[in-house]
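Working notes for the structure below.
The values are calculated or read from the model by the stated rules, or taken from the named source; none is laboratory data. Keep in mind it's a predicted model, so treat the numbers as computed, not measured. Counting neighbours? That spans all protein chains shown, and the Cβs are built from the backbone with ideal geometry, glycine included. Heavy atoms of the whole protein, side chains included, go into the accessibility calculation; ligands, DNA and RNA do not. Shrake-Rupley method; radii C 1.70, N 1.55, O 1.52, S 1.80 Å.
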Amino acid sequence: QVQLVESGGGLVQPRGSLRLSCAASGSIFSISVMGWYRQAPGKSRDLVARIFRDGTTMYADSVKGRFTLSRDNAKNTVYLQMNSLKPEDTAVYYCHALSNSRSSWGQGTQVTVSS
């Protein structure tokens, strides 16, 4: 089983930046992919970005060119650098890991983009 702890959310003005962190513990060696999803009020939880074991990354079209997902293997942590933030990026962001075909989720961190 994998445990995920997120940090880094908050309030930021449009065109600002934030960095989210997600630290994994537990059965980390079986993780095949980690990533971030987000859920705005009244909407579904959607994929934002993910990184595979081989380092390949994938991004939702809405964040391409603005968000960057990276990984620090020594710290078992993934980072989501979010630049040029827009009000429509406002949501609760959830870290996700897939391990032995089982999903693990973080508790969620609120990101609010507003002037």
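Suppose the filter is crowded, with 18+ Cβ neighbours inside 10 Å and at pLDDT below 95; does S99 pass it? Write out each step before concluding.
Values: crowded, with 18+ Cβ neighbours inside 10 Å: yes; at pLDDT below 95: yes.
Judged against the criteria, S99 is a match.
Checking N73 against (1) under 20 Å from Q1 (Cβ atoms); (2) within 12 Å of the chain's Cα centre (by Cα), only one condition comes out false. Which one?
(2)
Considering only residues of segment 34-60 that are open to solvent by less than 50 Å² (accessible area, probe 1.4 Å) and over 12 Å from the mean Cα position of the chain (by Cα), which is farthest from K86 (Cα to Cα)? Can you show your working first?
Pass one, segment 34-60, residues open to solvent by less than 50 Å² (accessible area, probe 1.4 Å): 34-38, 40, 48-49, 51, 55, 60.
Now narrow it down to the ones that are over 12 Å from the mean Cα position of the chain (by Cα): 40, 55.
On the way: A40: 13, G55: 27 Å.
Restricting to residues being open to solvent by less than 50 Å² (accessible area, probe 1.4 Å) and over 12 Å from the mean Cα position of the chain (by Cα), the top hit is G55.
Could you list, in sequence order, the residues of segment 1-33 that are over 16 Å from S99 (Cα atoms), open to solvent by less than 50 Å² (accessible area, probe 1.4 Å) and not in a strand (DSSP E or B)?
Once the filter is applied, which keeps residues that are over 16 Å from S99 (Cα atoms), open to solvent by less than 50 Å² (accessible area, probe 1.4 Å) and not in a strand (DSSP E or B), segment 1-33 yields G8, G9, P14, G16.
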